[in-house]
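Report on the structure given below.
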Amino acid sequence: MNLLVSGGRLVDPANGLDAILDCLILGAKVAEVGRKLRAPEGTPVVDARGKVVAPGFIDMHVHLREPGYEYKETIATGTRAAARGGFTRVACMANTDPVNDNRAVTDYILAKAREEGSVRVHPIGAVTRGLKGEALAELGELAEGGCVAYSDDGRPVMDAGLLRRALEYVQPFNLPIISHAEDATMAEGGVMHEGVISTELGLRGISGAAEEVIVAREIILSELTGSPVHIAHVSTAGAVRLIRAAKTRGIRVTAEVTPHHLLLTEEAVRSFDTNTKMNPPLRTKADREALQEALADGTLDAVATDHAPHAPAEKEVEYDHAAFGIVGLETAVPLLLNHLVHGGVLDLPTLIARFTVGPARILNLPGGHLGKGADGDLVILDLDREHEVDPTRFASRSRNSPFGGWILRGFVWMTVVGGRIVQQDGVVRGGGR
Ligand code: DOR
């Protein structure tokens, strides 16, 4: 597939570029980035003047729910949501049914993604069989099948001895283990952050310490084994401090943060809107501030949505009984453009780096930059276009977002995968790759 994207402000942090440049894609790969490029006869041209062109964004933490929970999301609908959100690659978590703990499930996901996916899909395999935390999954097979990491996300691996063995065992495959860092015994029964507000509301709390004790343990185990550990959805200032100190000491720990933890706090739970219930929970203002600072200074390497679709029946219930999680693919980029970039917290190249080269490095993916020969995946942003978040119009099968009605400045105008326009102006074109 050929495409010339001309006249945009091209921001490619991995290659240190931020200038008005054209990008020529030939045969689905980046042929050249430069000034006033000429394309072969018949090459479609996209006029990107006044807009920002960046490498396709990568969401390293998504729940596509297929197989098993197709009533929440499918690979087709989830990747359409990704395309609308500016993501050209998503990594999908293993808590499907059956769990992605063996090659057959990985093969199924990849085959479905080829047939029906609008963007590239990278499965994450389970660390333990059935996510039960008892015996290791088929780790070698999962790597051979194309998994890009291992995680029991949704649950921590509570047995430190087992996690240590997993970290040692996966060394030849060079894939990171992603930790849902939360001590299950401390978090048991909790539905929101533990503090004054949980007491006022009469809801059971989850202390920030439940996250921090496991972050500390993962750092210690990474140091012991020399294997990389990635901390999913970091939510507390204490976890940030531990990760920052570990990185300074050269330990192979990386970390991600979600848009909702960057923007919302426990205050939002006062509404009793079950779309404020997620795991880890929304924390304090001080935590939110520490997360924003850590994203800016690189302690947090990546933004990831933890896109967690749930059906209305699972959310339209009492707070205590509602499912944890919110959808995020279609709101992440506009939210952060509006609040972090226009809000003066983060410059645009840094935000783009956290959506591109950051996750690409953690998962050893070929994407995340627009160097010659790279996959022709890019996103074009309209920084000034305002729109209202309307969950009823999501491409996702689910609508569980706390951001409905928010007016945001910053819009994902176009998404290109392998030189093919898969989304323009909010409209997704076809599926299957
Ligand atoms: O809120 C969450 N929902 N956090 C997780 O870690 C899992 C996810 C889900 O699968 O619904």
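The values are calculated or read from the model by the stated rules, or taken from the named source; none is laboratory data. All values reported here derive from a predicted model rather than from experimental measurement. Counting neighbours? That spans all protein chains shown, and the Cβs are built from the backbone with ideal geometry, glycine included. Ligands, DNA and RNA are excluded from the accessible area calculation, which covers all protein heavy atoms including side chains. Shrake-Rupley method; radii C 1.70, N 1.55, O 1.52, S 1.80 Å.
Of the residues examined, P156 is one that is open to solvent by 20 Å² or more (accessible area, probe 1.4 Å), touching a His at 6+ places or on another chain (Cβ under 6 Å) and either touching a residue at least 40 places away in the same chain (Cβ under 8 Å) or more than 30 Å from A104 (Cα to Cα) (or both). For residues in the stretch 42-66 being among the hydrophobic types (A, V, I, L, M, F, W, C) and within 14 Å of the ligand (Cβ to nearest atom), which is farthest from T350 (Cα to Cα)? By that ranking, first place goes to L64.
When the stretch 21-69 is filtered for residues that are of a type in the set (D, E), without any contact (Cβ under 8 Å) to a residue 60 or more places away in the chain and either within 14 Å of V417 (Cα to Cα) or in contact with a Lys or Arg (Cβ under 8 Å, 6 or more places away or on another chain) (or both), the ones remaining, listed by number, are D22, E66. Considering each residue of the stretch 283-299 in turn, none proves to be open to solvent by less than 10 Å² (accessible area, probe 1.4 Å), of a type outside the set (A, V, I, L, M, F, W, C) and in a helix (DSSP H, G or I).
Residues that are in contact with a helix residue (DSSP H, G or I) (Cβ under 8 Å, 6 or more places away or on another chain) number at least 1 in the following strands (runs of 3 or more DSSP E) confined to the stretch 43-156: 52-55, 57-62, 87-92, 120-123. Within the stretch 109-125, restricting attention to residues that are surrounded by fewer than 24 Cβ atoms within 10 Å (Cβ to Cβ) and in contact with a strand residue (DSSP E or B) (Cβ under 9 Å, 6 or more places away or on another chain), the residue that is farthest from D375 (Cα to Cα) is K112.
Restricting the first member to the stretch 85-98 and to residues that are under 20 Å from H180 (Cα atoms) and modelled with pLDDT of 95 or more, and the second to residues that are more than 14 Å from the ligand (Cβ to nearest atom) and small (G, A, S), the beta-carbon pairs closer than 7 Å and six or more apart or on different chains are V90/A82; A91/A149; A94/G125. So, V213, is that one crowded, with 24+ Cβ neighbours inside 10 Å, in a helix (DSSP H, G or I) and among the β-branched types (V, I, T) or not? No. Of all residues in the stretch 67-95, those satisfying the criterion of being open to solvent by 10 Å² or more (accessible area, probe 1.4 Å) and within 16 Å of the ligand (Cβ to nearest atom) are P67, G68, Y69, E70, Y71, K72, T74, T77, N95. Is one or more of the residues making up the stretch 231-251 assigned to a loop (DSSP other than H, G, I, E, B), of a type in the set (K, R) and open to solvent by 20 Å² or more (accessible area, probe 1.4 Å)? The answer is yes; a qualifying residue exists.
Among residues of the stretch 364-385 that are open to solvent by 10 Å² or more (accessible area, probe 1.4 Å), none has a Cβ under 6 angstrom from a residue that is at pLDDT below 95 and not small (G, A, S) at a sequence gap of 6+ or on a separate chain. Looking at D375, D306, just one residue is away from the ligand (no atom under 16 Å from the Cβ) and acidic (D, E), and that residue is D375.
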